[in-house]
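Peer 1: Here it is: the structure, laid out below.
A short reminder: the numbers here are calculations on the coordinates, not readings from a lab. For clarity, every value in this text was computed on a predicted model and none was experimentally measured. Cβ placement follows ideal geometry from the backbone for every residue including glycine, while neighbour counts extend to all protein chains displayed.
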Amino acid sequence: NGSSTVAFSVELLTPYACDAISPTATLPLFMTQWNHREWALRALSRGYASLVYPAADTRDAAPAFQCAYRQTASMGLILARAYVASRALDFALSPPNGTAGLPSFAAGRVCVTGHSRNGKQSLLFAAFDERV
């Protein structure tokens, strides 16, 4: 049928006081790659939820996407890593069925960061994904 599935893990960190937040409130979301997890912790300490995703040299889901879509798309590594970020954001904004207890996030309250190559992929992600 031409469809491909790629699975990967993300780490979603939420502020301790998240339980006290109104169920209708949305949290700002800070996104970064595994090798910048300490940045996610800093954002967490400032009230952001943080989403750490595998799109860096140390943990990288991008090659799996490159292989899965080889027949229909040609993606260089940095663009493939931006695609991983977009799929991670899909999870945060629209959690799959059976995922309970996650806070709400809103497009427009999402930021992404990175350094060097990760900065380039963050820039591409933000340029192509209107939710950032």
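Peer 1: Run the quick spin-label model on Ser45 and Ser116: label points 7 Å from Cα toward the beta carbon, then report their separation in nm to one decimal.
Peer 2: That separation, rounded to one decimal, is 2.4 nm.
Peer 1: Considering the options Pro95, Ser116, Val132, tell which one lies farthest towards the positive end of the dipole of the range 86-132, charges being +1 on Lys and Arg and -1 on Asp and Glu at the Cβ, about the Cα centre.
Peer 2: Of the candidates, Ser116 comes out farthest on the positive side.
Peer 1: Let a ≥ b ≥ c be the square roots of the eigenvalues of the Cα gyration tensor of the range 61-108; is it rounded (a/c under 1.5), or, if not, prolate (a/b larger than b/c) or oblate?
Peer 2: Prolate is the answer for the range 61-108, as a/c is 1.5 or above and a/b outweighs b/c.
Peer 1: Using only the Cα atoms of the chain, build the gyration tensor, take square roots of its eigenvalues as a ≥ b ≥ c, and label the shape rounded, prolate or oblate: rounded if a/c is under 1.5, else prolate if a/b is larger than b/c, else oblate.
Peer 2: Since a/c reaches 1.5 and a/b is larger than b/c, the shape of the chain is classed as prolate.
Peer 1: May I ask you to order 6-14, 109-117 by the average number of other C-beta atoms within 10 Å around their residues, highest value first?
Peer 2: 109-117, 6-14
Peer 1: Given the DSSP H assignment, sum -39500 (n - 2.57) over each helix run of at least 4 residues in the chain and divide by its residue total; what's the result at 222 nm in deg cm²/dmol, nearest 500?
Peer 2: -10500 deg cm²/dmol
Peer 1: When the dipole is taken about the Cα centre of the chain, and only Lys, Arg (+1) and Asp, Glu (-1) are charged at their Cβ, what size is it in debye, to the nearest 20?
Peer 2: 240 debye
Peer 1: Tell me which trypsin sites (Lys or Arg not before Pro) from the range 42-94 have a DSSP coil assignment and no more than 13 other beta carbons within 10 Å of their own.
Peer 2: Arg46, Arg70
Peer 1: Return the long-range amide H neighbours of Val112 (sequence gap of 5 or more, or a different chain), with a cut-off of under 5 Å between placed amide H atoms.
Peer 2: Result for Val112 returns Met31.
Peer 1: Mind putting a number on the dipole of the range 69-132 about its Cα centre? Charges go on the C-beta only, +1 for Lys and Arg and -1 for Asp and Glu, and I need it in Debye to the nearest 20.
Peer 2: It works out to roughly 220 debye.
Peer 1: So, one more: What list of ³J(HN,Hα) values in whole Hz, one per residue of the range 51-57 in order, does the Karplus curve 6.51 cos²θ - 1.76 cosθ + 1.60 (θ = phi - 60°) give from phi, with Gly and Pro shown as x?
Peer 2: Each residue's phi maps through the Karplus curve to give 10, 9, 10, x, 9, 8, 4 Hz.
Peer 1: What angle do you read, to the nearest 10 degrees and between 0 and 90, between the alpha-carbon axis of helix 117-128 and the longest principal axis of the chain?
Peer 2: It is inclined by approximately 80 degrees.
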